[in-house]
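Visitor: The following block contains the structure, expressed as structure tokens.
Any read-out appearing in this document is the output of simple, stated calculations on the displayed coordinates, not a laboratory observation. It should be emphasised that the depicted structure is a prediction, and the values quoted were computed from it without experimental measurement. Counting neighbours? That spans all protein chains shown, and the Cβs are built from the backbone with ideal geometry, glycine included.
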Amino acid sequence: MVIRSPTAPALGQLTDLLGSTEEIANRWAKTTAEPVTLRVNSTRITREALLQRFAQKGVDARALPVSPAGIVVASPGRVQDLEGYSEGLWQIQDEAAQLVGAFAPIREGLRVLDACAAPGGKTCQLAEHARVVAGDIHRGKLRKLETEASPLGLRERIELLEHDATLPFPSGLKLFDVVLVDAPCSGLGTLRRHPELRYRRKEEDIARLAKLQRSILENCVQILAPGGVLVYAVCSTEPEEGEEQVFAFLRAHPELALEAPAAVDPWIADGCLRTLPGDRGWDGFFAARLRRAR
Ligand SMILES: C[S@@+](CC[C@H](N)C(=O)[O-])C[C@H]1O[C@@H](n2cnc3c(N)ncnc32)[C@H](O)[C@@H]1O
């Protein structure tokens, strides 16, 4: 299917009617009624204290039912104007993505690698609890991660690494206790927010991406310490990228075992975490936690 872009005259007419592109964007941003989901920056404020500040400013916000750090704001308007934005008290993050981040067992002092980190929602979530090496193949996207982390006060806790995760990591890096592979994927669990994927994705993409994911997993397991945990995640509900991928990888790596944490129990089946798009307004995610034998 070909999606036509509007012709120049049509765009001109729209601009005459509505004003400049910037004005249109601002007007849209001010009037948007879409709820927005936040993760509280636990290094700066508690969820209860942030909810109180929202209430004092008349912001319609409530705690999310599943993620302990999550808040939903009913009509945020321009997010830059929302209470706490300039103080870095929160970051926008889907509740299901928050669950995936929380799936990685993080505590201060552990060596943590986020191998496919940009734009950095999960890196920042992890960096609230430990220092993180954040790798990504795209330099520009790592810059975006920096601009996300700085206002949250987390930049100092993150070491950026421009690196292709299919290739051996620099020899100077020591083994990691926790490795997160939030892999490049079809994104088909996020159709709600990216409806264009319906037209962009082709059937053969799934096999190509599954091959790339396997190659990243094979490389990342090399840098995992004995007793360490590899968390694999995709924002897709395709089995080739999710359970089939993980079970094939496990068959080739008897030193790894699936570990199902109890914290997110209702969404665990066969030891893996699955969220469905549309369910509670979430994105569709798949995640699995694999522990390496000592
Ligand atoms: C699903 S996104 C990660 C989202 C991120 N974890 C977050 O929560 O914001 C996948 C990332 O993998 C990166 N990527 C793609 N191929 C890669 C590779 N071969 N090595 C490392 N990163 C790669 C992409 O640039 C993209 O930023």
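Visitor: Residues to consider are Gly135, Gly153, Gly120, Gly84; find the one that is small (Gly, Ala, Ser), on the phi > 0 side of the Ramachandran plot and buried (at least 21 other Cβ atoms within 10 Å of the Cβ).
Guide: Gly120
Visitor: Quickly run through region 65-81 and pick out the residues that are more than 16 Å from the ligand (Cβ to nearest atom) and within 11 Å of Val36 (Cα to Cα).
Guide: Ile71, Val72, Val73, Ala74, Ser75, Pro76, Gly77, Arg78, Val79
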